[in-house]
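Scroll down for the structure; my scribbles are underneath it.
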Amino acid sequence: MKMKAILCAGTAFALTAGSALADKWDMALAYSATNYHSEIAAEFAAEVTANSDLEIVTHPGGSLFGGSEIFGAVRKGLAPIGERLISALGNDDAIYEVDSVPFLASGFADAKTLYEVSKPALIETLEEGRLHFLYSCPWPPQGFYSITAAESLDDVSGLKFRAYNATTSKMAEGLGMVPTKIEAAELAQAFATGVAQSMISSGSTGYDRKLWEHVEYYYDVKAWLPRNMVIVNGKAWKRLDDETKAVVEAAAANAEEKCWAKAEELDSWYVEQFKANGMNVGPLNEAMQVEFQNVGEELREAWLERAGDKGQAVLDAYAAANGS
Ligand code: PCA
């Protein structure tokens with residue numbers, strides 16, 4: 001009996017190994033299943049599954065790997081495919097932080113231009129790490145959440161600030177707050193327990209985590225539009241035949257186009273939901289906006305120093321694309 005079972009299993013393995021059939025990829029996602037990034041990733045996965053012999057199964061909410069683990073997991077091949085917030089990878093290469101250079105691109109059109117001019121450098125950097133790039137999609141412009149009204153630096157001084165990358169940590173420090181890195185999946189808990197009292201993020205993440213239950217103020221700072229990217233382990237990518245690769249690339253292009261449109265469409269809707277749930281929503285006062293911009297300017301210079309010629313080339317291309 002036992003022998004037969006082993007034989008059967010062996011035959012099944014030989015059959016699958018001998019054909020391109022029935023490859024399955026688990027796709028690691030960090031954000032809520034209902035967030036548009038995750039929903040569109042699920043549509044991407046369904047499109048590939050329907051049109052090829054490759055099945056892609058999404059695992060949202062950090063259920064396969066937590067947000068901070070996904071990049072390493074895909075690089076090591078522990079997950080063949082995953083989505084990661086690019087600007088959290090600044091320790092690997094400063095070029096990953098270009099979308100979070102403060103006040104460089106504050107709206108969707110500029111963020112798209114910045115994406116287009118920085119894409120070759122992004123792809124090259126990923127390839128050096130043996131990763132294949134598929135698509136990238138933005139978060140809406142980043143605002144400031146605070147449990148207290150932020151009329152002056154004194155008001156926010158000492159607040160525990162939830163950071164998602166080095167830039168947000170440094171912004172917080174520059175403004176007199178105390179940063180701690182917390183992934184979006186743990187956000188509601190952090191605010192509920194007082195581990196976090198302020199943050200910079202989009203309306204999207206505040207909405208997903210019902211932040212109005214903990215935070216009263218949302219300021220529409222438009223600091224930058226960070227992006228997620230979907231990447232594939234280099235070896236897993238090479239194992240696909242050309243036909244499957246073409247299906248995956250086509251689905252990725254569809255996902256990217258839909259996702260940019262969805263982010264823009266939802267931007268003001270999220271903020272409407274904040275108002276409907278009793279949050280105070282509006283711009284920072286002029287003096288505070290200037291404080292944010294001044295810290296931003298310092299971070300921009302520090303970034304350029306780290307990013308060197310590669311960073312300068314992207315900034316030059318961006319300026320040229322904007323006609324300046
Ligand atoms: N949401 C993600 C990253 C940027 C955003 O808008 C987060 O807060 O983790």
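Computed values, structure above
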{"quantity": "Breaking point among (1) more than 13 Å from the ligand (Cβ to nearest atom); (2) touching a Leu at 6+ places or on another chain (Cβ under 9 Å); (3) assigned to a loop (DSSP other than H, G, I, E, B), for VAL230", "calculated": "(3)"}
{"quantity": "The stretch 261-294, residues that are touching a helix residue (DSSP H, G or I) at 6+ places or on another chain (Cβ under 7 Å) and more than 23 Å from HIS214 (Cα to Cα)", "calculated": "LYS262, ALA263, GLU264, GLU291"}
{"quantity": "Qualifying residue in the stretch 282-297 (condition: in a strand (DSSP E or B) and either surrounded by fewer than 15 Cβ atoms within 10 Å (Cβ to Cβ) or at pLDDT below 95 (or both))", "calculated": "yes"}
{"quantity": "Among (1) more than 17 Å from PRO140 (Cα to Cα); (2) at pLDDT 95 or above; (3) within 14 Å of the ligand (Cβ to nearest atom) - the single one ALA185 does not satisfy", "calculated": "(2)"}
{"quantity": "Top-ranked residue of the stretch 24-82 - restricted to ones that are of a type in the set (Val, Ile, Thr) and part of a helix (DSSP H, G or I), ranked as farthest from ARG239 (Cα to Cα)", "calculated": "ILE40"}
{"quantity": "Flag if GLY278 is modelled with pLDDT of 95 or more and open to solvent by less than 40 Å² (accessible area, probe 1.4 Å)", "calculated": "no"}
{"quantity": "Subset of the stretch 125-141 (residues that are closer than 20 Å to ALA250 by Cα and among the acidic types (Asp, Glu))", "calculated": "GLU127"}
{"quantity": "Test: ILE95 is crowded, with 16+ Cβ neighbours inside 10 Å and out of contact with any Phe, Trp or Tyr (no Cβ under 9 Å at 6 or more places or on another chain)", "calculated": "yes"}
{"quantity": "Residues being among the hydrophobic types (A, V, I, L, M, F, W, C), over 28 Å from ASP242 (Cβ atoms) and within 14 Å of the ligand (Cβ to nearest atom) - total across the stretch 53-103", "calculated": "3"}
{"quantity": "Residue tally, condition in contact with a Gly (Cβ under 9 Å, 6 or more places away or on another chain), aliphatic (A, V, I, L, M) and not in a strand (DSSP E or B), over the stretch 157-184", "calculated": "5"}
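The values are calculated or read from the model by the stated rules, or taken from the named source; none is laboratory data. Bear in mind the structure is a predicted one, so any value in this text is a computation, not a measurement. Every residue, glycine among them, receives a Cβ derived from its backbone with ideal geometry; neighbour counts consider all protein chains shown. Calculation scope for accessible area: heavy atoms of the full protein, side chains included, ligands and nucleic acids excluded. Shrake-Rupley method; radii C 1.70, N 1.55, O 1.52, S 1.80 Å.
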